[in-house]
Amino acid sequence: MAAWLDATAGVQAALQSEATAQQVLGAEFGNLPFEQFVRRMACADTLIHTWDFARATGQDEHLDPEAVELARTFLVAEDDRIRLPHAFGAKVAPTDNADIQTQLLNFLGRTT
């Protein structure tokens, strides 16, 4: 937990610098300013793994709906890029009445 808190503090500190926040990173998902990478990919990744850990440990699996929608919007737009080997599993077809969280999880290959 200490390592996670240190890493989070480091990212927050880096975002305080306009020069660092706007530094362009080359990533699998294209060239993005550091701030956009954090807002999009790092937050989506953390959100999804929050669900993974909650599921694995029997905790509350409900995610913040606004965060789910932001992650879904970003990830759906990057569908071709996120299907790289070892990135995400094959999509699972959601039920007709699936909520937004289930739709996102199914899109990323998780079953609920």
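The values are calculated or read from the model by the stated rules, or taken from the named source; none is laboratory data. Here the structure is a predicted model, which means the values were calculated and not measured. Cβ: placed from backbone, ideal geometry, glycine included. Neighbour counts: every protein chain shown.
I need a count of the residues in region 76-112 that are assigned to a loop (DSSP other than H, G, I, E, B), farther than 21 Å from Ala54 by Cα and hydrophobic (A, V, I, L, M, F, W, C). If you could, list the steps in order and put the result at the bottom.
Filtering region 76-112 down to residues assigned to a loop (DSSP other than H, G, I, E, B) leaves 78, 83-99, 108-112.
Of the ones still in play, those that are also farther than 21 Å from Ala54 by Cα are 78, 83-86, 90, 93, 95-97.
Narrowing further to those that are hydrophobic (A, V, I, L, M, F, W, C): 84, 90, 93.
Within region 76-112, residues that are assigned to a loop (DSSP other than H, G, I, E, B), farther than 21 Å from Ala54 by Cα and hydrophobic (A, V, I, L, M, F, W, C) number 3.
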Worksheet item: When you go through Phe88, Phe74 one by one, which is the residue that is farther than 17 Å from Arg39 by Cβ, under 14 Å from the mean Cα position of the chain (by Cα) and aromatic (Phe, Trp, Tyr)?
Response: Phe88
Item to complete: Quick one: in region 33-70, of everything that is among the hydroxyl-bearing types (Ser, Thr, Tyr) and over 18 Å from Asn106 (Cβ atoms), which residue is surrounded by the most Cβ atoms within 10 Å (Cβ to Cβ)?
Response: Thr46
Discussion item. Pull out all pairs, ordered by first then second residue, where Cβ-Cβ is under 9 Å, the residues are six or more apart or on different chains, the first lies in region 18-41 and is under 18 Å from Asp79 (Cα atoms), and the second is of a type in the set (Gly, Ala, Ser) and not in a helix (DSSP H, G or I).
Written reply: Glu28/Ala87; Leu32/Gly26; Phe37/Ala27; Met41/Ala27
Discussion item. For region 71-86, which positions are farther than 25 Å from Val11 by Cβ and either of a type outside the set (D, E, K, R) or surrounded by 11 or more Cβ atoms within 10 Å (Cβ to Cβ) (or both)?
Written reply: Asp79, Arg83, Pro85
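Among the listed residues Ala71, Ala54, Ala13, which satisfies the condition of being free of Cβ contacts under 8 Å to residues at least 40 places away in the same chain, in contact with a His (Cβ under 9 Å, 6 or more places away or on another chain) and among the small types (Gly, Ala, Ser)?
Only one candidate passes the filter, namely Ala54.
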Worksheet entry | Subset of region 42-94 that is in contact with an Asp or Glu (Cβ under 7 Å, 6 or more places away or on another chain) and of a type outside the set (Gly, Ala, Ser) - its residue that is modelled with the lowest pLDDT | Leu84
Worksheet item: Hey, Trp4 hits all of (1) surrounded by 11 or more Cβ atoms within 10 Å (Cβ to Cβ); (2) among the aromatic types (Phe, Trp, Tyr); (3) farther than 15 Å from Leu105 by Cβ but one; which does it fall short on?
Response: (1)
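In the list Asp45, Asp60, which residue meets the criterion of being outside any helix (DSSP H, G or I) and either acidic (Asp, Glu) or in contact (Cβ under 8 Å) with a residue 24 or more places away in the chain (or both)? Spell out the reasoning first.
Values: Asp45 fails: outside any helix (DSSP H, G or I).
On inspection, the qualifying residue turns out to be Asp60.
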Worksheet item: Do we find that Thr50 is over 18 Å from Thr8 (Cβ atoms) and not in a strand (DSSP E or B) in this structure?
Response: no
